[in-house]
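The values are calculated or read from the model by the stated rules, or taken from the named source; none is laboratory data. Nothing here was measured: the structure is a model prediction, and the numbers come from that model. We place every Cβ from the backbone using ideal geometry, glycine too, and count neighbours over all the protein chains shown.
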Amino acid sequence: MKITFVTRWGVQCGIATYTDQLTLSLLGQKHKVSCAAEKLIGIREIPVQSTIPMSRVWDGRKGDLDGIFDYLKKQRPDVVHFQHEFGLMDTPAQLMGIVHKISALNIPVFFTCHTVMTPPSDKAWMFRELLGKVSGVVAHNDDTRRALRRWNLAAKKIRVIPHGTPEGCSLGERLESRKKVFLPEDPNTVIAISLGFISPGKMQHEAVDAILFLVKEGLLDPAKFLYIIAGSPGQGDEQNMEYCRELHRKVEAARAWNFIRIYPTFVPRDQLEHWYGAADFVITGSHPTFYSVSGRSHQEMAYGMASISSRSHLLSDLNEERSLKYDSVVQLRSHILAMVRDPNLRHLMSRRCKQFAEDTSWTNVAKAHVDFYKSVLKKG
């Protein structure tokens, strides 16, 4: 098939990473893929895994989308698939106009809704006016499908296709990994990590507060435990920068640098095997969100990481079977102690995550996308 994605591409953004990994699997299955990409608008550019025809032809911040249609007229794909997120393309009139023009070329239009609200919402134009006119909508899980149905979107238009999970992810040997990232090599030291953007929405402060409490109460031995926060303050935003500084001040005030460390820098893909390989479990937080699925959660499962995670739609794929869920600081403290003290629990969670990662591999997800496209094309 000949498929064109409308998306961010090759930048430090979850939507761009999602499309890159999906594209790579589609190419492996011998499909032809191209990309109508957003222009670089100050976001850090990063290498992509797949090389495809790509042009930066639209600017979401300015509502300048006309280049999408011009690009599609040249490519003439079998299907067009928008990877939609409101922060990228929150321009109702322009977006609906582009979809109308594409449909006039008799090219089926698909949308993946990376964020779904429920009524009432000021985003009603998206779910009621626009999605009703496209050929198909991808929802990442049943909860998201039900949220879309609340907008009276026809069930036949929605296909549940999970967020994909990276394949071939293996952990480095534990002590060797710790050497590579300069962490304690004592095999009796339990290490917990939180990777990803450092921002209030990721709730790193809750984990820090929980650990400081457990150490103060004598429940956690700081000589045998280490918590690592590693990641870039999200997009260099000043609020996130100040949040990172506040985390530093919190740890400094508690004189806790021997058991809590913060590395405010982007962790590249080729170092993940060492960071995850060095750790015993991960702590993954998120504020309550609309219906969405985190690529970071699938990344963790790809490496078979045991996890503690907050209750949020964003982290819904880390369910009770695959993660210790918390919605209070008391639960978070309890789960940290359970993970530290019980290696069998860590192994059980790791095994379940690996199985889910296999089921939702990008290979399987790419095949599901093609099946969806073909089902629509077959109906004419």
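Taken as a whole, the structure places Val99 among residues that are at pLDDT 95 or above, within 20 Å of Ile15 (Cα to Cα) and outside any strand (DSSP E or B). Report yes if some residue within the range 259-282 is under 19 Å from Leu345 (Cα atoms) and under 17 Å from the mean Cα position of the chain (by Cα); otherwise report no. Yes, some residue in the range 259-282 is under 19 Å from Leu345 (Cα atoms) and under 17 Å from the mean Cα position of the chain (by Cα). Selection of the range 94-126 for residues being without any contact (Cβ under 8 Å) to a residue 40 or more places away in the chain and over 23 Å from Arg150 (Cα atoms) yields Gln94, Gly97, Ile98, His100, Lys101, Ile102, Ser103, Ala104, Leu105, Asn106, Ile107. Among what's in the range 259-300 and is within 28 Å of His140 (Cα to Cα) and aromatic (Phe, Trp, Tyr), pick the residue that is surrounded by the fewest Cβ atoms within 10 Å (Cβ to Cβ). The extreme case among them is Phe266. On the basis of being surrounded by fewer than 21 Cβ atoms within 10 Å (Cβ to Cβ), of a type in the set (Val, Ile, Thr) and in contact with a strand residue (DSSP E or B) (Cβ under 9 Å, 6 or more places away or on another chain), does Val376 make the cut? Yes: the conditions hold for Val376. Residues in the range 1-44 that are assigned to a loop (DSSP other than H, G, I, E, B) and aliphatic (A, V, I, L, M): Met1, Leu40, Ile41, Ile43.
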